[in-house]
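**Q** Attaching a single structure in structure tokens format; questions to follow.
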Amino acid sequence: MTQGVLWGGRFASGPTEVMFALSKSTQFDWRLALLDLRGSAAHANALHQAGLLTDDEWHALTEGISELARLVEAGDFTPSPTDEDVHGALERGLTDLLGPDVAGRLRAGRSRNDQIATLIRMWLREALDALSADLRDLIRALADQAEANLGVAMPGRTHMQSAQPILLSHHLLAHAWPLVRDLDRIQGLQSRLSVSPYGSAALGGTTLGLDPVAVAHELGFSDCVENSIDGTSSRDLVAEAAYIAAQVGVDLSRLAEDVIFWCTQEVSYATLADEWSTGSSIMPQKKNPDVAELARGKAGRLIGNLAGLMTTLKGLPLAYDRDLQEDKEPIFDSLDQLTVLIPAMAGMVGTLRFHPERMETQAGAGFALATDVADALVRRHVPFARAHEIAGEAVRYCEARGIDLTDLTADQVGEISGELDESVLSVLTVHGAVEARNGKGGTATPRVREQLERLRTSLANR
Ligand code: ARG
């Protein structure tokens, strides 16, 4: 048998070099090595419990596994070119330490199929905890900016056109809530991930009387799977993690797009901190929003990983198929990308310097108070359809004269329509418009302050 390959008895010759190169996965599955050793320790306990290891063998295996874990952690044991995968490499390492008589007992009653299905869940549980922590930091950065700038009005846009004045804080928090929902998604997935496939063996379970629930508990899972075929062959939870990563990518990309827009010279609502932007090799004046652009760019990659993985899973017959090895690179990549991206986004958001005076002067521009004119008429019992028309006429009147609604004099108001009078002018202020939107979820300052408190409370409770 070739070293580091866990089969061979029924083969007259080993795989060709090309076959081996195709099959080999240590270049990406080695990151699961310590988790595999934790699984092995739990499995050794199960074998001992079932009377399949003597006390001496069990002690030797347990010691050997700990020693190998120390070597792996220190970087003193690594895969060799002849190792097919992480499991083969580790068995080679254990055999070197303990000899084949003891090391060769560990493989009883388990298969790489249940091992790998368990390891990917263990890895995801840790990676998703780290993702949650990073998301919280970013949400806090958004909340802190919302708090620091509370009361600053800015233009609210739909279709990218001036729509209504809103608070900058309201807009910033609108980017925080989707990330809170991503935290919820992670929490939901974590409960589904807390079920261990170990003990399913190749597909039907094991004949050796091992206790999969004990192994599950030892590995920090709350239970073992109900169905060994499902346990070894499903990767829906990996796909779900890839979806969450893609959704986070989309959420970050939308935030990124706003930051890029705000920092354009023409808009100038905000300026990036030097340490979170880059320059140009040729144009000395440039300050580029690369963090935000990379966020926008990586969203595509994260969606691609999800689409690729789901396409791999589609149409696979039960139970384990080697296609399933293709789950690892996309999910590792998605979570690796977010590991570098989210802290950078938090840094960029946290250090963004807003220009309140600039936003305030723009907040009412582009006839953004037209809805308020119509609403003022509705309060005087004019039907909204008619009020909409009158406000529209006011916009047309102003447009023809190159002025905005806020520039109208009492005389001009009367000229536009008999149903309008100067009392309507009293609603034509940016902050009047903002504070008037005072239902729950609205942009009025007290509502946004409450919203901010609820956001912070919901973060503390997650
Ligand atoms: N490297 C494989 C994977 O990632 C491990 C399981 C392989 N099982 C097998 N029977 N070849 O899915």
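**Q** Among the lysines, which have Cα under 28 Å from the Cα of LYS298 when same-chain residues fewer than 8 positions away are ignored?
**A** Cα-Cα hits under 28 Å: LYS24, LYS286, LYS287, LYS314, LYS328.
**Q** Please list the three semi-axes, largest first and in whole Å, of the ellipsoid equivalent to the chain, using sqrt of 5 times the eigenvalues of its alpha carbon gyration tensor.
**A** 62, 22, 19
**Q** For the peptides 29-36, 435-442, 183-190, what is the packing order when you average, over each peptide's residues, the other Cβ atoms within 10 Å and list the highest mean first?
**A** 29-36, 183-190, 435-442
**Q** On to the next question. Work out Dmax and Rg for region 1-68 from the C-alpha atoms and quote the Rg first, both in angstrom.
**A** Radius of gyration, then largest Cα-Cα span, for region 1-68: 15.6, 43 Å.
**Q** Over the residues of region 344-394, compute the C-alpha Rg and express it relative to 2.2 N^0.38 Å.
**A** With N residues counted in region 344-394, Rg over 2.2 N^0.38 Å equals 1.82.
**Q** State in Å² the accessible area per residue of region 332-435; use a 1.4 Å probe, count heavy atoms of protein chains only, and round to the nearest integer.
**A** 47 Å²
**Q** Another question about this same structure. Where a ≥ b ≥ c are the square roots of the eigenvalues of the C-alpha gyration tensor, would you call region 1-40 rounded, which needs a/c under 1.5, or, failing that, prolate if a/b is larger than b/c, or oblate?
**A** Cα axes put region 1-40 in the oblate bin.
**Q** Carbon and sulfur together cover what percent of the accessible area of region 1-126 at a 1.4 Å probe radius?
**A** The C+S portion of the solvent-accessible surface of region 1-126 is 54 percent.
**Q** Give me the three principal axis extents of region 42-136 from the C-alpha atoms, as integers in angstrom, largest value leading.
**A** The principal-axis extents, from largest down, are 48, 33, 23 Å.
**Q** So what is the 222 nm mean residue ellipticity for the chain from helices alone, if each DSSP H run of at least 4 adds -39500 (n - 2.57) and you divide by all residues, rounding to the nearest 500 deg cm²/dmol?
**A** Helix-only estimate at 222 nm: -20000 deg cm²/dmol.
**Q** Kindly give Rg over Rh for region 240-312, based on alpha-carbon atoms, with the Kirkwood expression for the hydrodynamic radius.
**A** Here Rg/Rh amounts to 1.12.
**Q** Taking all protein chains together and a probe of 1.4 Å, list ARG449, ARG386 from the most accessible to the least accessible.
**A** The ordering from most to least exposed comes out as ARG449, ARG386.
**Q** Return the whole-Å distance between the Cα centroid of region 211-274 and the Cα centroid of region 99-149.
**A** 11 Å
**Q** Take the alpha carbon atoms of region 99-142, find their radius of gyration, then divide it by 2.2 N^0.38 Å using N residues; give the quotient.
**A** Taking the Cα Rg and dividing by 2.2 N^0.38 Å, one obtains 1.98.
**Q** How would TRP7, TRP123 rank on accessible area, largest to smallest, probe 1.4 Å?
**A** If we order TRP7, TRP123 from most to least accessible, we get TRP7, TRP123.
**Q** Could you give the length gained by full extension between ASP411 and VAL250, i.e. 0.36 nm per residue of separation minus their alpha carbon distance, to one decimal place?
**A** 53.0 nm
**Q** Oh, and also: Mind giving me the nanometre distance, one decimal, between the label points for LYS286 and LYS440, set 7 Å out from Cα along Cα→Cβ?
**A** 4.9 nm
**Q** For THR207, put the label point 7 Å out on the Cα→Cβ axis and report which residues of region 83-119 keep their amide N under 17 Å from it.
**A** Residues 107-111 qualify, since their backbone N sits under 17 Å from the label point.
**Q** Using 0.36 nm per residue of separation minus the Cα-Cα distance, give me the extension gain between ASP184 and THR62 in nm, one decimal.
**A** So the extension gain works out to 40.1 nm.
**Q** Shifting gears a bit: Between GLU422 and ALA307, what length comes free when the chain is fully extended (0.36 nm per residue of separation minus the Cα-Cα distance, one decimal in nm)?
**A** Full extension from GLU422 to ALA307 adds 35.6 nm.
**Q** Then there's this: Let a ≥ b ≥ c be the square roots of the eigenvalues of the Cα gyration tensor of region 223-381; is it rounded (a/c under 1.5), or, if not, prolate (a/b larger than b/c) or oblate?
**A** oblate
**Q** In whole Å, what are the extents of region 204-258 along the principal axes defined by its C-alpha atoms, from largest to smallest?
**A** Rounded to whole Å, the extents work out to 59, 21, 12 Å.
**Q** At 30 Å minimum axial length over the Cα atoms and a Kyte-Doolittle cut of -1.0, report the qualifying DSSP H helices in the chain, or say none.
**A** 112-148, 168-193, 236-262, 290-313, 328-351
**Q** Order TYR320, TYR243 by their accessible area, 1.4 angstrom probe, all chains in place, largest first.
**A** TYR243, TYR320
The values are calculated or read from the model by the stated rules, or taken from the named source; none is laboratory data. Computed from a prediction, not measured in an experiment: that's the story for all the values here. Neighbour counts are summed over all protein chains in view; Cβ atoms, including those assigned to glycine, are modelled from backbone coordinates with ideal geometry. Calculation scope for accessible area: heavy atoms of the full protein, side chains included, ligands and nucleic acids excluded. Shrake-Rupley method; radii C 1.70, N 1.55, O 1.52, S 1.80 Å.
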